[in-house]
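Written below as structure tokens is the structure these notes are about.
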Amino acid sequence: MKNLFLILLLLPMLSFGQSLRYEVYNKISQVFEVVENSALIIKTSNLNVDKSMINKGIVPITISVYRFKNEGSNAPLYTVTDTHYSLNRKIISMRSNEQNPSRQDYQPFWLSQVRTITYGPVMKNSDGLFYTIETSFNLE
């Protein structure tokens, strides 16, 4: 709920084209915890931000990796990979290809005008968590 509010609050600041690294960092660091910031990627997590809702099984743990075409603060955003984890299979199913098409083109995205998004299957890891992977690319 908090993240949705923040995203709606940030809507007026959305880019109208492919976002640059400094823009991406400024936007995502207001909504998520940045857990890694290296030359070509920024990795975020909602583990601490949404801890209460995660513990109640309302939202999944989401680890996002924002990849850039090259180094530098003006590097354009290339892809975004979101991996969602939960003990609740139903929550993961909502973000997988079980309840979404495997691929959607020309979809809106808060960091670019459009994107292509692919939804993966529901899988289970060795810790007993269900997970799925969403990949956004063709960010324009």
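The values are calculated or read from the model by the stated rules, or taken from the named source; none is laboratory data. Every value quoted in this text rests on a predicted model; they were computed, and no experiment measured them. Ideal geometry is used to build each Cβ from the backbone, glycine not excepted, and the neighbour counts take in all protein chains shown.
Leu139 meets the conditions (1) surrounded by fewer than 19 Cβ atoms within 10 Å (Cβ to Cβ); (2) modelled with pLDDT under 95; (3) among the aliphatic types (A, V, I, L, M) in every case but one. The failed one is (1). Here segment 27-40 is the region considered, the condition is being over 13 Å from the mean Cα position of the chain (by Cα) and outside any helix (DSSP H, G or I), and the residue that is modelled with the lowest pLDDT is Ala39. Out of Ile58, Ile63, one residue alone is surrounded by 13 or more Cβ atoms within 10 Å (Cβ to Cβ) and within 15 Å of Thr135 (Cβ to Cβ). It is Ile63.
Lys69 meets the stated requirement of being under 22 Å from Val24 (Cα atoms), of a type in the set (Lys, Arg) and either in contact with a strand residue (DSSP E or B) (Cβ under 7 Å, 6 or more places away or on another chain) or at pLDDT 95 or above (or both).
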